[in-house]
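The block underneath contains the structure these notes are about, expressed in structure tokens.
The values are calculated or read from the model by the stated rules, or taken from the named source; none is laboratory data. Treat the numbers as computed from the prediction; the structure is a model and nothing was measured. So basically every Cβ, Gly included, is an ideal-geometry build from the backbone, and we count neighbours across all protein chains shown. With ligands, DNA and RNA removed, areas are computed over all heavy atoms of the protein, side chains included. Shrake-Rupley method; radii C 1.70, N 1.55, O 1.52, S 1.80 Å.
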Amino acid sequence: MSKLPTLLLLLLCLSSFTSGEIKKLKIRSDNRPMILFERFGFTHTGQASISVSSVSVISSLATPDPSGLGFFLLSEESLIQVLIELQQNPNFCVLESNYIQRLFTFRELSPPPNSSFDRAYPVTSPNEYSLFFANCAPESKVSMDVGTELYNLDGGVKDYLSAGLTQLPTLYFLFSLVYFGFLAIWVLVCLKNRISVHRIHGLMALLVVMKALNLLFAAEDKHYVKVTGTAHGWDVLFYIFQSMRVVLLFTVIVLIGTGWSFLKPFLQDREKKVLMIVIPLQVLANVASVVIGETGPFIKDWVTWNQVFLIVDIVCCCAIIFPIVWSIRSLRETSKTDGKAARNLAKLTLFRQFYIVVIGYLYFTRIVVFALRTISAYKYQWVAYSAEEIVSLAFYIVMFYMFRPVERNEYFVLDDEEEEAAALALQDEEFEL
């Protein structure tokens, strides 16, 4: 039991607020001392419904005490006290703590062969709680079928979304409408400047389509979970379009960073290698995302999948920066020989700005959003999701504006009167990364 404090803290750090979907789980020969099922924000009308059946406990020692196995709710405020208790006494059973809300132990199971239990518990104190199963019996393995329902009653109607996430269906739907409008504007811009349209602009349009559909299906997914407790298949469409959107986003950033189609019609070998690294890694990251989202912390490899997702995402974020840096360096070298200082200065300025925008976007969506979700009160978790979508929309707008198909944009600025000033500016250290 000495590993319990570390295990408990790691699970709660990696886990995020979830919808209280109606879940049916199978636990087989599991010897973990603690199993986290999910986290949920309850209002004053919250309910936690738990059912277990086909329960069996196998121990290599004496017959385990059934009161040492059971389910409980743990609030974030009580986490520190429980960790202190576990550190002070490694053999302490968390089910005996005064800081938890114990739901039931195996002592309350119906007698064999049924060995089942089914009951709903009102949550009298509104808060964010984590639902755990604790096994304080040493050298024992537990098998059981578990059903969970966590929800809040809103006017007598069950709401299966956490208190801080119940606004997500509306939020995602509104942003999907914004992106559809953005797509219409982009199409008009391309039609108006069709002479300057390149293949990259078609990919950018496709990216907006994927983003809009991804948000639309996310809204439907969350709506059905909120109302019925199950996604009714919308989660499949959500994950499909999320995967396509993320892969396409990284691909577009890499291709823009290389100058493909508008500066040069081909990719160099090293640029192709970046794509060959980023795309498969993003596919792996999306697989990890599906496993994380559709299973939960109760599976044994859940922490490992989280680590895979984080590592792969970091590698991809670093990889997409290289083509932009290569383009900046290439433009600096070219400017010394081709005698077109003004044009090169404009290109260099644009790529440097794009570099800053990409870095800012990655920093905010990977670090700031995580910090917001961590520090925000459970009732205001939707704020972090709103911030993420607002920043993503701002990134799309800036990127599309910078590389829009305009006949006389920054790439084609040719002003002989500014050649001398541009040549001096190209030697300025401010263009160093």
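If a residue must be in a helix (DSSP H, G or I) and either free of Cβ contacts under 8 Å to residues at least 24 places away in the same chain or closer than 24 Å to residue 164 by Cβ (or both), how many such residues does region 238-272 contain?
So the answer is 6.
When each of 243, 289, 261 is tested for being surrounded by 18 or more Cβ atoms within 10 Å (Cβ to Cβ) and modelled with pLDDT of 90 or more, the lone residue that passes is 243.
With the requirement that a residue be in contact with a Phe, Trp or Tyr (Cβ under 6 Å, 6 or more places away or on another chain) and touching a residue at least 24 places away in the same chain (Cβ under 8 Å), what does region 290-315 give you? Give the steps one after another, and end with the answer.
At the first step, the residues of region 290-315 found to be in contact with a Phe, Trp or Tyr (Cβ under 6 Å, 6 or more places away or on another chain) are 290-292, 298.
Selection gives 290, 298.
Within region 206-234, the set of residues being under 30 Å from residue 255 (Cβ atoms) and either open to solvent by 20 Å² or more (accessible area, probe 1.4 Å) or in contact with a Lys or Arg (Cβ under 8 Å, 6 or more places away or on another chain) (or both) comprises 206, 207, 209, 210, 211, 213, 214, 216, 217.
Looking at region 104-112, is at least one residue free of Cβ contacts under 8 Å to residues at least 60 places away in the same chain, assigned to a strand (DSSP E or B) and surrounded by fewer than 19 Cβ atoms within 10 Å (Cβ to Cβ)?
If we filter region 104-112 for residues that are free of Cβ contacts under 8 Å to residues at least 60 places away in the same chain, which is where we start, we get 104-112.
From the residues that got through so far, the ones that are assigned to a strand (DSSP E or B) too are 104-105.
Adding the requirement that they be surrounded by fewer than 19 Cβ atoms within 10 Å (Cβ to Cβ) leaves 104.
Yes, there is a match, as at least one residue in region 104-112 is free of Cβ contacts under 8 Å to residues at least 60 places away in the same chain, assigned to a strand (DSSP E or B) and surrounded by fewer than 19 Cβ atoms within 10 Å (Cβ to Cβ).
Of all the numbered requirements in (1) among the hydroxyl-bearing types (Ser, Thr, Tyr); (2) part of a loop (DSSP other than H, G, I, E, B); (3) modelled with pLDDT under 90, residue 99 misses one, and that requirement is (3). Looking at the structure I just gave you, is residue 187 assigned to a helix (DSSP H, G or I), in contact (Cβ under 8 Å) with a residue 24 or more places away in the chain and open to solvent by 40 Å² or more (accessible area, probe 1.4 Å)? Here the answer is no, as residue 187 does not meet what is asked. Scanning region 368-381 for residues that are modelled with pLDDT of 90 or more and open to solvent by 90 Å² or more (accessible area, probe 1.4 Å) yields a count of 2.
Counting residues that are open to solvent by 30 Å² or more (accessible area, probe 1.4 Å), which strands (runs of 3 or more DSSP E) fully inside region 33-83 reach at least 2? Walk me through how you get there before you give the answer.
Numbers: elements: 34-42, 46-59, 69-75.
Those strands (runs of 3 or more DSSP E) span 46-59.
Quick check on region 309-356: of everything there that is modelled with pLDDT under 85 and β-branched (Val, Ile, Thr), which residue is most open to solvent (accessible area, probe 1.4 Å)? Filtering region 309-356 for residues that are modelled with pLDDT under 85 and β-branched (Val, Ile, Thr), the one most open to solvent (accessible area, probe 1.4 Å) comes out as 337. Could you tell me whether residue 159 is among the acidic types (Asp, Glu) and surrounded by fewer than 22 Cβ atoms within 10 Å (Cβ to Cβ)? It is false that residue 159 is among the acidic types (Asp, Glu) and surrounded by fewer than 22 Cβ atoms within 10 Å (Cβ to Cβ).
Residues of region 288-314 that are touching a strand residue (DSSP E or B) at 6+ places or on another chain (Cβ under 9 Å) and assigned to a helix (DSSP H, G or I): 302 alone.
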